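Here's the structure we're looking at; comments come further down.
The values are calculated or read from the model by the stated rules, or taken from the named source; none is laboratory data. Nothing here was measured: the structure is a model prediction, and the numbers come from that model. Here the Cβ is made from the backbone with ideal geometry for all residues, glycine too, and neighbour counts use every protein chain on show. For accessibility, only protein heavy atoms count, side chains too; no ligands or nucleic acids. Shrake-Rupley method; radii C 1.70, N 1.55, O 1.52, S 1.80 Å.
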Amino acid sequence: MASSSYQFSLGLVVMFQLGLLLVSQSPIAAGDDVSRSAPSGSSSYCSNPYRLVKVKSWANGDEGKSISGLSAAFGQILPTNPKEGHILPATFLNPLNGCSTSSSKLSGSIALAIRGDCDFVTKAKAAQAGGASGLLVINDDEDLVEMGCPENETTLNITIPVVMVSKSGGEEINKSMAGGEKVELLLYSPNRPVVDYSVIFLWLMAVGTIVCATLWSEFTGLGQSDERYDELSPKDEDEKEILKISSKSAIIFVITASTFLVLLYLFMSSWFVWLLIVLFCIAGVEGMHTCIVSLLSSKCKNCARRRVNLPILGEISILSLIVLLFCLAFAIFWAANRKASYSWVGQDILGICLMITVLQLAQLPNIKVATVLLCCAFLYDIFWVFLSPLIFHDSVMIAVASGNKSGGESIPMLLRVPRIFDPWGGYDMIGFGDILFPGLLVSFAFRFDKAKKKGILNGYFLWLTVGYGIGLLFTYLGLYLMDGHGQPALLYLVPCTLGLCIILGLVRGELKQLWSYGIESTKPTVPSEEA
């Protein structure tokens with residue numbers, strides 16, 4: 001009973017974690033869009049870069065909620081400092097679509113128009129002709145659309161700023177104006193820092209998770225005694241359940257993951273994300289429970305000896321039961337407060353514990369399997385980020401990661417850290433797959449070094465860890481060079497880890513050992529014939 005229960009929990013943690021690898025790049029959410037280049041082939045009068053805009057509002061002098069917008073490719077460029085902008089009254093155009101001369105008094109105000117019935121340039125011309133000092137176009141959905149110029153437009157003299165806001169942003173302004181309050185607006189477009197310090201913290205978390213997971217057995221003494229498994233079943237070290245990844249299972253997983261990713265893209269909804277949140281909590285509790293019990297058991301050898309017999313759970317140690325209740329309470333608290341500003345801490349703790357546990361239970365046997373798995377993941381990442389728009393007219397992986405169709409719910413299978421000095425806020429994120437795939441290889445390198453009694457400098461573990469850290473830096477460098485558009489992190493991480501391992505193996509003449517490690521030991525020994 002206890003053994004089958006353990007095998008079930010092992011399969012649940014490992015298989016669900018493999019499912020979490022679906023979003024294995026570093027996603028940028030839809031609300032995190034940064035400044036974009038001007039439309040290609042545009043003329044000089046329609047060549048402004050698309051920039052995010054802050055729309056600050058006041059109702060009868062009381063400051064309201066700040067709204068995000070996107071500037072047009074034409075019109076006046078907004079200041080980056082709010083002190084350089086002007087607070088102006090807001091006025092709805094009449095007619096609301098802004099396609100013809102307005103009967104409202106617009107002089108010295110920011111005109112508000114709804115999207116539709118005519119192009120954006122026509123709306124801007126009508127607002128400017130009425131004396132408006134700016135135009136705010138309210139979209140009919142939550143996207144921020146790039147406002148370019150019609151192809152047949154040969155001359156354009158728009159001197160007022162033109163900004164697009166979302167449907168909910170327009171409703172926020174309309175709510176105040178409907179009550180008869182005087183609403184004033186301030187438009188400005190602050191610059192984002194090239195690098196936010198949150199990236200450094202995220203880098204440390206990712207590298208630290210791999211190092212910690214790889215050395216976990218050394219930290220907890222599980223290499224000598226397996227106390228972690230004693231609370232579930234009295235197993236010997238040699239009997240510890242380990243999931244050995246094969247080349248065949250690696251290929252099947254990538255095919256299955258691709259299928260599931262398409263299903264997520266096509267049928268994404270809030271209830272689907274909620275299902276993922278529940279499964280994440282279950283697997284996170286299992287991972288957190290395992291980590292805490294193993295740590296406490298390593299410090300107090302007798303803590304896990306006192307047991308109690310419970311229905312369903314069977315015989316379980318009192319320590320394990322107390323830790324389980326704590327982990328359940330932790331996960332429930334996180335799920336209930338997942339939209340709070342501090343929820344990222346709980347999500348990261350659950351995610352890190354889950355990844356540490358999986359890297360203890362799943363192992364690559366050699367570089368041959370590592371090459372198959374990482375190369376498949378490499379192609380998977382690139383295809384679903386860069387090439388999928390050719391088929392689906394959208395980057396499938398980025399669309400799923402950003403949760404555009406999930407009703408405001410976000411997928412929890414990533415580590416995230418809030419941006420500290422970014423005026424737009426938001427989070428820097430890294431998918432679990434970007435940690436686990438290279439982490440499997442780094443863990444193998446450590447086991448290989450230990451078996452071959454290699455030193456820290458002539459082994460592989462240290463250099464692959466360094467390679468992973470450098471690859472992660474390249475990932476974020478690519479992210480900034482590409483104006484914040486989502487990057488497939490494995491595009492950089494696989495060459496910096498697997499590529500480095502193969503190069504070191506070739507230089508040291510050990511590539512054959514790495515490639516077939518573990519195979520020779522499983523072959524039966526043939527007795528030599530005596531002469």
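Just a few scattered comments:
- When the listed pairs LYS54/LYS83; LYS105/LYS167; LYS244/LYS450 are checked against a 20 Å cut-off, the alpha-carbon distance exceeds it for LYS105/LYS167.
- GluC sites (Glu not before Pro) restricted to DSSP loop in the stretch 63-168 with at most 16 other C-beta within 10 Å: GLU142, GLU146, GLU151, GLU153
- The Cα atoms of the stretch 102-181 give a gyration tensor whose axes a ≥ b ≥ c have a/c of 1.5 or more with a/b no greater than b/c, which makes the shape oblate.
- Length-normalised contact order of the stretch 89-135 in % [C-alpha pairs under 8 Å, at least 6 apart]: 42 percent
- Surface accessible to a 1.4 Å probe, per residue, for the residues of the stretch 89-149, Å²: 42 Å²
- For GLU315, the amide hydrogen comes within under 5 Å of the amide hydrogens of LEU310, counting only partners 5 or more places away or on other chains and with H modelled in the peptide plane.
- ³J(HN,Hα), Karplus 6.51/-1.76/1.60, whole Hz, each residue of the stretch 58-67, x for Gly, Pro: 10, 10, 6, x, 8, 5, x, 6, 6, 10
- The stretch 109-194, accessible surface, carbon-and-sulfur percent (1.4 angstrom probe): 44 percent
- In Å², nearest 10: area of ARG115 left accessible to a 1.4 Å probe: 90 Å²
- Rounded to the nearest 10 Å², the accessible area of PHE333 at probe 1.4 Å: 120 Å²
- Net charge of Cβ neighbours under 11 Å - reference ASN458; Lys, Arg +1; Asp, Glu -1: +2
- Loop-located chymotrypsin sites (Phe, Trp or Tyr not before Pro) in the stretch 267-318 (DSSP state other than H, G, I, E, B) with a sparse environment of at most 12 neighbouring Cβ atoms within 10 Å are absent.
- 5 angstrom amide H check on HIS86, placed H, neighbours 5+ away: LEU187
- Note on SER168: accessible area is roughly 50 Å² with a 1.4 Å probe, heavy atoms of protein only.
- Cα-based shape type of the stretch 70-206, given that a ≥ b ≥ c are square roots of the gyration tensor eigenvalues and the cut on a/c is 1.5: prolate
- Theoretical FRET efficiency, 1/(1+(r/R0)^6), r = Cβ-Cβ of SER47 and ALA329, R0 60 Å, to 0.05: 0.60
- Rounded percent of accessible protein surface that carbon and sulfur make up, the stretch 331-440, 1.4 Å probe: 69 percent
- Sequence-distant residues sharing a close amide H with ARG307 (under 5 Å, placed H): ILE318
- Solvent-accessible heavy-atom area per residue, rounded to whole Å², over the stretch 306-440 at 1.4 Å: 40 Å²
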